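Structure first, then comments.
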Amino acid sequence: MIPDAASYRLTNVRLHASLTSGLAATFDSDGFALADITVADGRISSIVAHGRSKTPADAVDLGGRIVLPCFVDCHTHIDKGHIWPRKPNPDGTFMGALNATGADRAARWSAEDVARRMDFSLRSAYAHGTKALRTHLDSVAPQEEISWPVFETMRDKWRGRIELQAACLLGIEGVRETKWFEKLAKRVADAKGVLGVVTYMVPDLEELLDKVFSEAIKHGLDLDFHADETDDVAAISLKKIAEAALWNGFEGNILVGHCCSLARQPDLDVLDTLDKVAKAGVAVVSLPMCNLYLQDRRGDNTTPRWRGVTLLHEMKARGIPVAVASDNTRDPFYAYGDLDMLEVYRMATRILHFDHPVGDWPQAVASTPAEVMRLDGFGTLAAGGAADFVVFKGRSWTELLSRPESDRIVVRDGRAIERKLPDYAELDELMVG
Ligand SMILES: [Zn+2]
């Protein structure tokens, strides 16, 4: 369907207003317009409204199929990915996940083990149409000395296919080990990484956050937090992060993930927090599949009553940049998942109501995370940009989001890639014992 040629024209292509720049067309109420895309030497040379220019005889008619830019997945854990068969979560709770993962990490996470599972994850993400991905790396000693070199090797290996970023991950209590944390921040800076911690409502939270911000400022690092992944209304670390950003005059990018407890708090508290988050320029990523799995699991044979996700609509209404991402895949924090951002978007549509109207929600898996990750030109289709896009069967949101679209076509640098998902059996030998 996609010509194996340096230059070609695709005609009768359905593009979305929120993910296309420079297309002068009339978009329908779902945000779509029909267009023609010309590809030359791996790049998009033009995007014009369908029917506005003469169609060459050899143009390929896509019959109104939806074409979206390649995805950007800004919050994953590919160092943890796929350990489920050897270390399942015993009860599906957050504590069960934390303990199981900690035990597996201490016992099994050699450089080879981490590298093989990371590569498996990246092959899946690539086959599903992802072009950039940020992973957190468990950086509790001595794991940081194992995982960061693996990340650097993997980033080089995947350059040109997946733009790989990493953020360190540790409980904020670890920041109390001042010398060790300063060394970690330096290691992260040397790897051109992102400084990240998991915040908990510890008594010295403000002091510890100040230390995190001062290290980020010292090394010119962006920040990436896990915050308030709980239903406990007393968890207000999102607000504390925004306050710390303001009083430290932080100018880098800040991404905060989860923020589940916000959805349980009284309206007045929520408004105060959102004001501060907006003022501090903090971006928020929701992890809807992982939240649905871990949150409101009470372990007493009761049925979950809430979805676990944070207040993305209210955030977006205030101009806070919002994204959704994969989070964990087949590990104790989430038993499922394959780094398929169409699945994430499909699930987010159901869980978070990204519909009626769809509006610019598709940016949450493309251009918004690209901006947070400082990836110019990613997540948008534009003349002059890379010809990196996904061709779906669906011609409308209801068609696109009703089937897995396993037969989607992923085009990179103008050519359809071989979409080969790795076989689970490849990892069997890592799962023994
Ligand atoms: Zn996470």
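Readers should treat all values here as calculations from the given coordinates under stated rules, not as data from a laboratory. Because the structure is predicted, anything quoted here is derived from the model rather than measured. So basically every Cβ, Gly included, is an ideal-geometry build from the backbone, and we count neighbours across all protein chains shown.
Calculate, for Y424 and F27, the FRET efficiency according to 1/(1 + (r/R0)^6) with r their C-beta to C-beta distance and R0 51 Å; round to the nearest 0.05.
0.80
Taking the alpha-carbon distance from K131 and a cut-off under 17 Å, which lysines remain once sequence neighbours fewer than 8 residues away in the same chain are dropped?
Output for K131: K157, K420.
With both partners inside the chain, how many of the DSSP beta bridges are antiparallel, as a percent to the nearest 5?
40 percent
Helix-derived [θ] at 222 nm for the chain: sum -39500 (n - 2.57) over DSSP H runs of at least 4, divide by residue count, nearest 500?
Counting only the DSSP helices, I get -9500 deg cm²/dmol.
Using θ = phi - 60° and the Karplus curve 6.51 cos²θ - 1.76 cosθ + 1.60, what whole-Hz ³J(HN,Hα) does each residue of the range 32-45 get, with Gly and Pro shown as x?
Calculated HN-Hα couplings, in order: 9, 9, 7, 8, 10, 10, 9, 10, 9, 6, x, 10, 7, 8 Hz.
Given contacts defined as C-alpha pairs under 8 Å and at least six residues apart, what's the relative contact order of the range 341-381, whole-number percent?
The normalised contact order for the range 341-381 reaches 28 percent.
Among T310, V270, L287, flag the residue with its Cα farthest along the positive direction of the charge dipole of the range 266-319, charges on Cβ as +1 for Lys/Arg and -1 for Asp/Glu.
Of the candidates, L287 comes out farthest on the positive side.
Just how far, in whole angstrom, is the range 139-170 from the range 287-328 if you go by their alpha carbon centroids?
The distance from the Cα centre of the range 287-328 to that of the range 139-170 comes to 27 Å.
Against the longest principal axis of the chain, how steep is helix 237-247, in degrees 0 to 90 to the nearest 10, with axes from Cα atoms?
90 degrees
Give me the percent relative contact order of the chain, please, defined on Cα pairs under 8 angstrom at least 6 residues apart.
The normalised contact order for the chain reaches 23 percent.
Could you list, in their original order, any pairs among K183/K239; K183/K211; K276/K316 whose Cα atoms are separated by more than 18 Å?
Going by Cα-Cα distance, K183/K239 fall outside the 18 Å limit.
Note the angle between two axes, namely the Cα long axis of helix 267-280 and the longest principal axis of the Cα atoms of the chain, as a number of degrees from 0 to 90, rounded to the nearest 10.
70 degrees
Given R₀ = 56 Å, what would the calculated FRET efficiency be for S46 paired with V432, taking r from the Cβ atoms and rounding to 0.05?
It comes to 0.55.
May I ask you to compute the full-extension gain from R403 to D58, defined as 0.36 nm times their residue separation minus their alpha-carbon distance, rounded to one decimal in nm?
121.2 nm
Can you list residues whose amide H is under 5 Å from A366's amide H, if they're 5+ apart or on another chain and H is modeled 1.01 Å from N?
V72
Relative to the first principal axis of the alpha-carbon coordinates of the chain, what is the inclination of helix 111-128, with its axis defined by its Cα atoms, in degrees from 0 to 90 and to the nearest 10?
30 degrees
Where a Cα-Cα gap under 16 Å defines reach, which aspartates and glutamates qualify for K192, not counting those fewer than 8 residues away within the same chain?
Filter leaves E144, E145, E152, D156, E163, E182, E215, D222, D224.
Any idea how far apart L98 and R298 come out in nm if each label point goes 7 Å out from Cα toward Cβ?
Rounded to a tenth, the inter-label distance reads 2.1 nm.
Would you grab the residues whose amide H sits under 5 Å from the one on Q165? Only those 5+ places off in sequence or on another chain, please, with H modelled 1.01 Å from N.
Answer set, sorted by chain and number: L133, R134, T135.
Let me check against my output: what whole-number percent is the relative contact order of the range 227-304, with C-alpha pairs under 8 Å and at least 6 apart?
That works out to 37 percent.
How large is the charge dipole for the range 71-373, taken about the Cα centre, if only the Cβ atoms of Lys, Arg (+1) and Asp, Glu (-1) carry charge, to the nearest 20 debye?
Here the range 71-373 has a charge dipole of around 720 debye.
I'd like to compare 1-7, 307-313: which one has the highest average count of other Cβ atoms within 10 Å, and what's the full order after that?
Most protected by this proxy first, the peptides run 307-313, 1-7.
I'd like to know which of V13, L122, P56 lies farthest towards the positive end of the charge dipole of the range 1-145, counting +1 on Cβ of Lys and Arg and -1 on Cβ of Asp and Glu.
Farthest along the dipole direction, towards plus: P56.
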